[in-house]
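The values are calculated or read from the model by the stated rules, or taken from the named source; none is laboratory data. Bear in mind the structure is a predicted one, so any value in this text is a computation, not a measurement. Quick reminder, even Gly has a Cβ in these numbers, built from the backbone with ideal geometry, and neighbours come from all protein chains shown.
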């Protein structure tokens, strides 16, 4: 597994729900009971299945309400990288001069991901980073464009800095007019290669309602680790 203790934190998006790692059912129920007894208002629970389902169901039983699924995700880790068919162009590190385009594409990624998964645009819980957040990411040097043979930026792939030897890839965004040309597969493959060359493990999350992204990453050698969900408690 990719995790160690603690087994519960807070998801980094509003309403900042508890984020559960894998745990026994009795532990998930005990957590729900403790939150309820403390008078915590818990409108959502995020994390690994089945713990998150158990905790949310117990919170709803104790405090009233109905559990609804906002999003199902899956954590993948790269095993042996499988190279896609090559396409023209290559990676180019985005700089602070690119903050406008990167901010625009980060925002478009969120909305497009919702639509591709059959949700209403803007329905996902994740917040779009503001300009200052994007600048901080650009300063890490871990945001890349795929630039085609004409010098046009046609795709963006980003990755977080290493944390405990693990790097998460994302977001991965191709504008609609450039999709289906292999830019994403080649960009993610090269970024993943660079991360592995640094000695880190590579992971990413996919939306289980988006078959296209799941297919692309599986073809590159990413393998499922754990299924997760963002559950909301509607009262």
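Hey, among 188, 135, 167, which residue is under 17 Å from the mean Cα position of the chain (by Cα), assigned by TED's automatic domain parsing to the domain that holds residue 97, modelled with pLDDT of 95 or more and not in a strand (DSSP E or B)? Lay out the reasoning, then the answer.
On the way: 135 fails: under 17 Å from the mean Cα position of the chain (by Cα); 167 fails: not in a strand (DSSP E or B).
Among 188, 135, 167, only 188 is under 17 Å from the mean Cα position of the chain (by Cα), assigned by TED's automatic domain parsing to the domain that holds residue 97, modelled with pLDDT of 95 or more and not in a strand (DSSP E or B).
The conditions of being in the same structural domain as residue 130 (by TED's automatic domain parsing), over 21 Å from residue 180 (Cα atoms) and touching a residue at least 40 places away in the same chain (Cβ under 8 Å) are not met by residue 102. Does the stretch 177-191 include one or more residues that are more than 18 Å from residue 88 (Cβ to Cβ) and either touching a residue at least 40 places away in the same chain (Cβ under 8 Å) or surrounded by fewer than 16 Cβ atoms within 10 Å (Cβ to Cβ) (or both)? Scanning the stretch 177-191 turns up no residue that is more than 18 Å from residue 88 (Cβ to Cβ) and either touching a residue at least 40 places away in the same chain (Cβ under 8 Å) or surrounded by fewer than 16 Cβ atoms within 10 Å (Cβ to Cβ) (or both). Taking the stretch 42-56 only, how many residues are out of contact with any helix residue (DSSP H, G or I) (no Cβ under 6 Å at 6 or more places or on another chain) and not in a helix (DSSP H, G or I)? Looking only at that region, the number is 7. Among residues that are touching a helix residue (DSSP H, G or I) at 6+ places or on another chain (Cβ under 6 Å) and within 20 Å of residue 22 (Cα to Cα), residue 204 is not included. Just one of the listed residues (118, 122, 151) is at pLDDT 95 or above, over 17 Å from residue 75 (Cβ atoms) and surrounded by fewer than 14 Cβ atoms within 10 Å (Cβ to Cβ), namely 151. Scanning the stretch 67-84 for residues that are touching a helix residue (DSSP H, G or I) at 6+ places or on another chain (Cβ under 8 Å) and modelled with pLDDT of 95 or more yields 67, 76, 78, 81, 82, 83, 84.
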